[in-house]
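So the structure is just underneath, and the comments pick up after that.
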Amino acid sequence: MTPATIPLDVFSDPVCPWCFIGKTFLDRALESRPLHPFRVDWHPFRLNTDLPPEGVERAPYLEAKFGDRRSVAEAMARIQEVADKAGVRMDLGRANRIPDTLDAHRLIHWAGIEGAQNRVVDALFRAYFQDGADIGQASVLSDIAAACGMDGALVGRLLSTDADRDDLMARDLDAREKGVTAVPTFLVDRQFVLAGAQSTDTWQQIIDDILRQLETT
């Protein structure tokens with residue numbers, strides 16, 4: 001089996017619908033290529049850095065961001081159409097709040113330490129886009145952690161502190177200073193940048209090309 005030695009760094013936010021779609025495409029490619037060489041790591045990028053810790057009501061925030069209710073509806077309809085065509089179950093109207101995702105990113109970080117990062121990232125997307133859960137709430141995040149095999153009570157206690165908060169904010173800022181302006185952004189082997197939700201076909205081609213190169217070295 002090909003060892004997973006090539007880093008694939010993913011900059012993402014759990015409230016980004018394109019990140020959910022992009023992860024689904026990537027997961028399908030990885031599942032279709034069980035000998036893929038990627039070691040996937042998820043990194044913080046907060047889309048809405050101006051939010052208070054408790055988050056905000058979704059509708060007025062989006063209307064202010066996009067200009068009016070009609071513009072919001074049109075933007076959401078475009079995303080929903082892509083999600084439906086891709087077979088990604090998503091209900092963009094389900095959540096009534098937009099959370100500050102700093103704590104969600106802290107959970108993703110801790111999940112990486114325990115080898116549960118992919119499960120937690122997936123669970124966060126599903127909780128927000130399918131269940132409409134407020135993933136800015138510590139109780140919701142603790143339940144997600146427990147469902148993914150982590151110690152939910154410990155996660156709850158950590159979330160009540162400032163543990164790793166400054167580090168995650170610094171990593172977010174570092175990504176922006178290095179040129180990440182939107183998510184999802186994928187960094188392959190610390191060299192090649194792919195911006196946006198890449199198709200499964202694209203990922204399969206990238207994996208196949210890398211495997212051919214590895215066979216000749």
Options (1) 12.2; (2) 16.6; (3) 12.8 are given for mean projected area of the Cα convex hull in nm², and the computed one is (1)
For residue 216, the net charge from surrounding residues (Cβ-Cβ under 15 Å; K, R +1; D, E -1) works out to -2
Checked the stretch 117-175 against the a/c 1.5 cut and the a/b vs b/c comparison, axes a ≥ b ≥ c from its Cα gyration tensor; verdict oblate
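What does the charge count near residue 138 come to, summing +1 for each Lys or Arg and -1 for each Asp or Glu among other residues with Cβ under 15 Å from its Cβ?
-4
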Scoring the stretch 71-217 by relative contact order with C-alpha pairs under 8 Å, at least six apart, yields a percentage of 17 percent
Per the rule of 0.36 nm per residue minus the C-alpha distance, extending residue 195 to residue 4 adds in nm 66.5 nm
Contact order relative to length for the stretch 130-217, counting C-alpha pairs under 8 Å separated by 6 or more residues, stands in percent at 12 percent
Dividing the mean separation of Cα pairs under 8 Å (6+ apart) by the residue count of the stretch 18-112 yields a relative contact order in percent of 42 percent
Filtering trypsin sites (Lys or Arg not before Pro) in the stretch 48-157 by DSSP loop and by at most 15 other Cβ atoms within 10 Å leaves 89, 94
In terms of the alpha carbon gyration tensor, root eigenvalues a ≥ b ≥ c, rounded if a/c is under 1.5 and otherwise prolate when a/b exceeds b/c or oblate, the stretch 1-130 is oblate
Simple SL model, points at 7 angstrom along Cα→Cβ for residue 162 and residue 48; separation in nm is 2.5 nm
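State whether the stretch 172-217 is rounded, prolate or oblate according to the following rule on the C-alpha gyration tensor (a ≥ b ≥ c being the square roots of its eigenvalues): a/c under 1.5 gives rounded; otherwise a/b larger than b/c gives prolate, and the remaining case gives oblate.
Oblate shape, in that a/c is at least 1.5 and b/c is the bigger or equal ratio.
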Taking alpha-carbon centroids only, the stretch 131-177 lies from the stretch 21-36 a number of Å equal to 25 Å
Straight-line reach check, residue 85, cutoff 19 Å on alpha carbons, 8 or more apart in-chain or any other chain, hits among aspartates and glutamates -> 27, 74, 201
According to the Cβ-distance criterion of 4.7 Å, cysteines of the chain with no possible disulfide partner are 148
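No value in this document is a laboratory result; all are computed from the given coordinates. From a predicted model like this one, the values you see are computed outputs, not experimental measurements. Counting neighbours? That spans all protein chains shown, and the Cβs are built from the backbone with ideal geometry, glycine included.
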